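Structure first, then comments.
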Amino acid sequence: MSSNTEAQDTAGLPFPPPIAFIAALAVGFALHYVIPLHIVRTSAAINVLQVTGGVLAFAALVLALCAFVCFHLARTSPFPERPTTSLVLRGPFRFTRNPLYLAMALLHAGIAIFSNALWPLFFLLPAVLAVRFLVIAREERYLLQRFGAQYEAYCRSVRRWF
């Protein structure tokens, strides 16, 4: 397959998906630097937030690792700028069609909570909406075109996020 044909055999995303979460975190922490807005104030509550944020971040990393392993076992790329050669239906893909995007959202939330910073949490929703409507929508159209009835059946049995 030539590189030109390969470039056409993708979802044609407008940006790499992690950019939405990185940008949202950056804007949120920039605002937090200028106008600090904390989730809690007491040191005991901050300790609970740090544990909670750490657990969320760890869960995100485990989820992402499991998803990457499943992509590897299915011999297809996890990167949306490359062609998808097979549907991944095992591991976390049995529960969510988008475990990597869910992992990015959990990591974003974990970082914000761990940091006791409310602004980055506010910007999680725009990041999720950008990924949902600008990335996932294109990927779903691409996968439906590529895998047809098999992908339709998968969509009926597995939720988009969780």
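The values are calculated or read from the model by the stated rules, or taken from the named source; none is laboratory data. The structure displayed is predicted, hence computed values, not measured ones. Positions of Cβ are generated from backbone atoms using ideal geometry, with glycine treated the same way; all protein chains shown enter the neighbour counts.
Observations
- Subset of segment 29-66 that is under 29 Å from P99 (Cβ atoms) and among the aromatic types (F, W, Y) - its residue that is surrounded by the most Cβ atoms within 10 Å (Cβ to Cβ): F29
- Selection status of T96, farther than 24 Å from L118 by Cβ and over 17 Å from the mean Cα position of the chain (by Cα): no
- Residue in segment 99-121 that is surrounded by 20 or more Cβ atoms within 10 Å (Cβ to Cβ), within 21 Å of C70 (Cα to Cα) and of a type in the set (V, I, T) present: no
Listed here are the residues, each with its yes/no results for (1) under 25 Å from A130 (Cα atoms); (2) part of a helix (DSSP H, G or I).
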{"residue": "I22", "(1), (2)": "yes, yes"}
{"residue": "L61", "(1), (2)": "yes, yes"}
{"residue": "C66", "(1), (2)": "yes, yes"}
{"residue": "V69", "(1), (2)": "no, yes"}
{"residue": "E81", "(1), (2)": "yes, no"}
{"residue": "T84", "(1), (2)": "yes, no"}
{"residue": "H108", "(1), (2)": "yes, yes"}
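- Residue count, segment 131-158 (criterion: over 17 Å from M104 (Cβ atoms) and either in a loop (DSSP other than H, G, I, E, B) or touching a Ser or Thr at 6+ places or on another chain (Cβ under 9 Å) (or both)): 6
- Selected residue (only one of T52, T85 is modelled with pLDDT under 95 and of a type in the set (V, I, T)): T85
- Screening A44 on (1) modelled with pLDDT of 95 or more; (2) over 30 Å from R141 (Cβ atoms); (3) aliphatic (A, V, I, L, M) shows it passes everything except condition (1).
- Extreme residue, nearest to the chain's Cα centre (by Cα), among residues of segment 24-41 that are outside any helix (DSSP H, G or I), at pLDDT 95 or above and not hydrophobic (A, V, I, L, M, F, W, C): H38
- Applying the condition of being among the charged types (D, E, K, R) and in a loop (DSSP other than H, G, I, E, B) to segment 86-106 and asking which residue is farthest from W161 (Cα to Cα) yields R90.
- Put simply, of T52, T76 the only residue that is under 26 Å from E152 (Cα atoms) and either in a helix (DSSP H, G or I) or polar (S, T, N, Q) (or both) is T76.
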